[in-house]
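Read through the structure below, which is laid out as structure tokens, and then see the notes.
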Amino acid sequence: MRTQAERGRKPRCCRGPQGLLPRYSESQAEGQEQLFKLTDNIQDEFFIAVENIDSYCVIISSKAVYFLKNGDYVDREAIFLEVKYGDLYHCLISKDHGKVYVQLTKRAVNSSSGVSMPGPSHQKPMVHVKSEALAVKLSQEINYAKSLFYEQQLMLRSSEHHEQLELDS
């Protein structure tokens, strides 16, 4: 009878910049575990980063950014703001009366021209952040993930590439 060794740390399966496996981080492994719980282990949405902030956490994935209330159990009910990158125009830092916010400007499509531009004020949700440095970090991570999302949209998939080669011959 074989005994199995006890797990020393949480598993993770993520990609860092340039597609390399980043150094292990307990908080990042927990963030990935939370993302898998939110998405029912859907493998085509991969984990990028997690930021734990006083009363909530931010999970940044390859398809969306999730703002979740802190709690013992993570599920879709914990999400208080979810913005998919296809709907995101950009992420900015906003200051108001000495408080710092991360502002996620959603796209508004001008139906007459089909041009995408920043949406009206109700399409600009803001989340309070405890420091400007954290707001800068979050904004950079979200905008980076959004740029990766658009890069993936423009990439030729291997099955499409194979079909194209068959059509050419």
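Values as computed for the structure displayed
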read-out	value
Yes/no for Leu92 being aliphatic (A, V, I, L, M), touching a strand residue (DSSP E or B) at 6+ places or on another chain (Cβ under 8 Å) and over 22 Å from Gln34 (Cβ atoms)	yes
The lone exception for Val74 - which of (1) within 13 Å of Thr39 (Cβ to Cβ); (2) exposed (fewer than 12 other Cβ atoms within 10 Å of the Cβ) it fails	(2)
All positions within segment 18-59 that are aliphatic (A, V, I, L, M) and in contact (Cβ under 8 Å) with a residue 12 or more places away in the chain	Ala29, Leu35, Leu38, Ile48, Ala49, Val50, Ile53, Val58, Ile59
Looking only at segment 123-144, and only at residues there that are open to solvent by less than 50 Å² (accessible area, probe 1.4 Å) and in a strand (DSSP E or B), the one that is farthest from Phe80 (Cα to Cα)	Val129
Selection count, segment 85-102, where residues are of a type outside the set (A, V, I, L, M, F, W, C), open to solvent by 30 Å² or more (accessible area, probe 1.4 Å) and under 19 Å from Gln140 (Cβ atoms)	4
Candidates Ser159, Ser147, filtered to the one that is over 19 Å from Thr39 (Cβ atoms), at pLDDT below 85 and exposed (fewer than 15 other Cβ atoms within 10 Å of the Cβ)	Ser159
Odd one out for Phe67, checked against (1) in contact (Cβ under 8 Å) with a residue 40 or more places away in the chain; (2) among the aromatic types (Phe, Trp, Tyr); (3) open to solvent by 70 Å² or more (accessible area, probe 1.4 Å)	(3)
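Quick grid of which residues meet (1) farther than 19 Å from Lys146 by Cβ; (2) at pLDDT 90 or above; (3) in contact with a Gly (Cβ under 7 Å, 6 or more places away or on another chain):
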residue	(1), (2), (3)
Thr3	yes, no, no
Asn41	yes, no, no
Asp44	no, no, no
Ile48	no, no, no
Glu51	no, yes, no
Ala64	no, yes, no
Val83	no, yes, no
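The values are calculated or read from the model by the stated rules, or taken from the named source; none is laboratory data. Keep in mind that this is a model prediction, so the values were computed, not measured. Reconstructed Cβ throughout: ideal geometry from the backbone, glycine too, with neighbour counts over all protein chains shown. These area figures cover heavy atoms from the full protein model, side chains too; ligands, DNA and RNA do not enter into them. Shrake-Rupley method; radii C 1.70, N 1.55, O 1.52, S 1.80 Å.
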